Amino acid sequence: MVTKIAVLGSINMDFICNVEEFPKPGETIKASNFITQPGGKGLNQAVAASKLGADVIMFGLLGNDIFGKQLEKIMNKTDINIDAVKTYDSSTGLAFINVNRKGENNIVIVPGANQKLDKKYIDHHIDIMLEADILLVQLEIPLPSVKYIIKKLGNEDIRIILDPAPAVELDEFPLENVNLLTPNETELDKIIKGTTYNKGIKKLFKRGLNSLIVKKGKEGSEYFSDITNYHIPAYQINEVDTTGAGDTFNAALAVALLEGKCMKEAMKFANVAGALTATRKGAQTCPSREEVEKILSRI
Ligand code: RIB
């Protein structure tokens, strides 16, 4: 069954350096390798969902520079519907990523055109967005625009999965309209601001959040709702580059849920897809559907 997923989010060109260790303040170091690759949490999720078998439509902005043109060419070669991706008179979103020998990363983004995605763009595209069964959204586009779309879709028949990355405090955020919030542990810390894990999560549910999945990398993922809580162990791999693994997780989860898998099975599927992404260099290295299925049949 083909499922329809809308992704509203960032489109970046990633500049990726492989380093032994992250540079300390004031230090100059040599990279062992450098590549440019398409990225952006929005586009990464769109590419992953499409690779895993969903019918995907992308909503986002490119800049009118060389990177925008390169990204457009690349996107045109995918199965993603990019009719709603527009070019804005600005630079394209960029991400500067260091990956260390443990496969960990740190990322500096220059939002460029992503920052121009406003309410007008959303109003213009909302009817097409509503044809989807799930909306995947992250926080690399302006926060007011994310709040706006989530408020607007509140009474509509579309599920919203919000990836709160890069993390911000989600005060005054319409959490009651979010079906699933998917922070990693660092992002959750920022959202709950120094409160204990349990108290912080309870507060989110008091504010109306429907459910929460905490992405824990090598520790798997943990599901919370106001009535239940369970942990799904990770598929163990040797991490080469964790960039984009969380994006694949979200995309895979959406695909599995739309295909009717229960939450536990969907998380298993997403854990495997995310883990396999971390075995390869770059952010858009989501495995094929067959690769994920093959592993799932063995574990
Ligand atoms: O989640 C990974 C992504 O974060 C990278 O592709 C980079 O573009 C940044 O947005």
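The values are calculated or read from the model by the stated rules, or taken from the named source; none is laboratory data. All values reported here derive from a predicted model rather than from experimental measurement. Every residue, glycine among them, receives a Cβ derived from its backbone with ideal geometry; neighbour counts consider all protein chains shown. Just so you know, the surface numbers come from the protein's heavy atoms only, side chains and all, with ligands and any DNA or RNA stripped out. Shrake-Rupley method; radii C 1.70, N 1.55, O 1.52, S 1.80 Å.
Before moving on, here are some points about what is shown:
- Pairs exceeding a 26 Å alpha-carbon distance, out of Lys119/Lys218; Lys73/Lys264; Lys151/Lys264; Lys41/Lys281: Lys119/Lys218; Lys73/Lys264; Lys151/Lys264.
- Over all other residues within a Cβ to Cβ distance under 15 Å of Gly260, the charged ones net out to +2, with Lys and Arg as +1 and Asp and Glu as -1.
- Mean accessible surface per residue for segment 127-246, computed with a 1.4 Å probe while every protein chain stays in place, in Å²: 47 Å²
- The residues packed around Leu71, meaning those with a beta-carbon under 12 Å from its beta-carbon, carry a net charge of 0 if Lys and Arg are +1 and Asp and Glu are -1.
- For segment 143-259, the alpha carbon positions stretch 41, 34, 28 Å along the principal axes, listed from largest to smallest.
- Qualifying GluC sites (Glu not before Pro) for segment 131-164 [loop in DSSP, other Cβ within 10 Å: at most 13]: Glu131, Glu156
- Interchain or long-range residues, amide H under 5 Å from Asn12's placed H: Gly39, Gly40, Leu43
- Rounded to whole numbers, the Karplus 3J(HN,Hα) couplings from phi for segment 159-169 are 8, 10, 10, 9, 9, x, 9, x, 5, 9, 6 Hz, using 6.51 cos²θ - 1.76 cosθ + 1.60 with θ = phi - 60°, and x at Gly and Pro.
- Temperature 25 °C, viscosity 0.890 mPa s: under these conditions the Stokes-Einstein estimate for segment 230-299, based on its Kirkwood radius over C-alpha pairs, is 208 µm² per second.
- With the alpha-carbon atoms of segment 135-190 aligned to their principal axes, the span from lowest to highest coordinate is 31, 19, 17 Å, starting with the largest.
- Accessible carbon and sulfur surface of segment 132-219 relative to its total accessible area, %, 1.4 Å: 45 percent
- Remark on Val240: its backbone amide H falls under 5 Å from those of Thr279, Arg280, a criterion applied only to residues 5 or more positions apart or on other chains, H modelled at 1.01 Å from N.
- Cα-based radius of gyration for segment 234-275, normalised by 2.2 N^0.38 Å, reads 1.13.
- Segment 266-279 - phi-based ³J(HN,Hα) in whole Hz, Karplus 6.51/-1.76/1.60, Gly and Pro as x: 5, 5, 4, 4, 5, 4, 5, 4, x, 4, 5, 4, 6, 8
- Residue among Asn155, Asn179, Asn105 with the largest mean-square fluctuation in a Gaussian network model of the chain, springs linking Cα atoms under 10 Å: Asn155
- Distance between the C-alpha centres of segment 232-266 and segment 36-55: 13 Å, rounded to the whole angstrom.
- Segment 134-150 - phi-based ³J(HN,Hα) in whole Hz, Karplus 6.51/-1.76/1.60, Gly and Pro as x: 9, 10, 9, 9, 10, 10, 9, 10, x, 4, x, 6, 5, 4, 4, 5, 5
- Of all beta bridges that DSSP places with both ends in the chain, some 40 percent have antiparallel geometry.
- For Asp157, net neighbour charge (Lys/Arg +1, Asp/Glu -1) across residues whose Cβ lies under 11 Å away: -2
- Diffusion constant of the chain at 20 °C, which comes from Stokes-Einstein with the Kirkwood Cα-pair radius and 1.002 mPa s, µm²/s: 112 µm²/s
- For segment 9-93: accessible area per residue (Å², 1.4 Å): 48 Å²
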